[in-house]
1. Which loop trypsin sites (Lys or Arg not before Pro) in the range 75-110, with loop taken from DSSP, have no more than 10 other Cβ atoms within 10 angstrom of their Cβ?
2. Relative contact order for the range 1-79: what percent, with Cα pairs under 8 Å and sequence separation of 6 or more?
3. Taking the Cα centre of the chain as origin and charging only Cβ (+1 Lys, Arg; -1 Asp, Glu), how large is the dipole, in debye to the nearest 20?
4. What does DSSP give for the chain in terms of the percent of beta bridges that are antiparallel, rounded to the nearest 5?
5. Could you state the angle between the C-alpha long axis of helix 270-284 and the longest principal axis of the C-alpha atoms of the chain, as a value from 0 to 90 degrees rounded to the nearest 10?
6. Per residue, what accessible area does the chain have, given a 1.4 Å probe and all protein chains present, in Å²?
7. Any chance you could give the angle, 0 to 90 degrees and rounded to 10, that helix 196-208 forms with the longest Cα principal axis of the chain?
8. Between the range 140-199 and the range 1-66, what is the separation of their alpha carbon centroids in Å?
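The values are calculated or read from the model by the stated rules, or taken from the named source; none is laboratory data. In this text the structure is predicted, and so the values were computed from the model without any measurement. Note: ideal-geometry Cβ built from the backbone for every residue, glycine included; neighbour counts use all protein chains shown. Ligands, DNA and RNA are excluded from the accessible area calculation, which covers all protein heavy atoms including side chains. Shrake-Rupley method; radii C 1.70, N 1.55, O 1.52, S 1.80 Å.
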Amino acid sequence: MRIRSIEPIPITFPLRREPMSLLFVKITTDDGLVGYGEACDSYGCSYASVLATLIRDVYDPLLAGEELVAVEPLTEKLRMATRRRLGDVWIAAQARSAVEIALWDLLGKAAGRSVSGLIGRVRDSVEIYASSTFLDEGPASFHHELISRATERGVTKAKVRLGPAWHDDLRVLTELRGLLPSDLELMIDGSETYTQATTVEISRHLADLGIRWFEEPMPQTARTGIALATRASAVPIAYGEHLFGVEEAIEVLESGVSVLQPDAAVNGGISVARRMAQVAASRYGARVVPHISAGPLALTANLHLAATVPAIRLVEYSLHLVPAHEELAVGAKLGLDQVVDGMLPIPDGPGLGVDLDEAAAAKHPYSPPRGRVVGTSKGLLDRFNGDV
């Protein structure tokens, strides 16, 4: 089975809170078999055309005509070809993730087995946590209503997001905590907004509310500051969606981060995310909870990741992305109505078990975000606001 072509498919999907760009990849073999993958830039693929250009101009020529026997030799060829020119992290890794996922999809389909079945499956379903929106987008009752959609399906864990106006957000969070079931575990995402001192101050408020972890409070490049803040934080600190490979995972784990959040659609693919998860669990005793914040193929790839790593018992499930999962996926269903007792089944069809509905995708042509603020209703393009 040889690779004939790699085609990027960028779209912009009209979600309720804001349009979100998604980047899919279609790989076709010489015998007509098709595999699909997806990239994520951590909150949807805001600049999908950038990754599409990299895939079309660089990755397609490198892999065209190659025989597909195993995934990693081909993705390593991509990494080595770009590391001294385009780099091997950030957009190069994100684009490589989409290709890697599509290659696994092809291998599974050719063998008539699921991706996780090929690797070694340890579970058939996984618990989800409801990943909701920014606290500045509405009163506590608004957020309670959103999360209740998940708790009605037996979900017992949820996450909301703090923004630059964190004093106001904490007041909403305190009220929301009182509205939610007392046994519901609640997590907070900081979206890389704060300084070291503010991170520690916020963590004390979060501890009083019983928050289970504080995700990405500081810019992920401030590694020394993250280490200092982690040591002083009153709650566990989580990172992972902006890490590329085992070395970067080890660096943050050595700093004291105790929740690792790999993402197969970001970090370099399923194989890389598996290695990150395994070292986090076995060497550092860290909790491993995959980050997922893109379309149906990114979700499915991370479900197969969870199906092959015993230490992964929980994954992210973004409530605002449910319409994209329902409209764009063909095969296994991924909507919230598939969640039973808080558990989402892992697709067991050949390959990923989910394909891209190309006709549905074609209805949503890609549109660059231009000056649109992505990720919060009131934030700035540069959200790092220091101590305010």
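1. Here the sparse-neighbourhood loop sites are 84, 85.
2. Numbers: 128 pairs, mean separation 27.8, N = 79.
Relative contact order comes out at 35 percent.
3. Values: 38 positive and 49 negative charges, 82 e Å.
Here the chain has a charge dipole of around 400 debye.
4. Percent antiparallel among DSSP bridges in the chain is about 55.
5. Between helix and principal axis, roughly 40 degrees.
6. Result: 37 Å² per residue.
7. Roughly 70 degrees, rounded to the nearest 10.
8. 33
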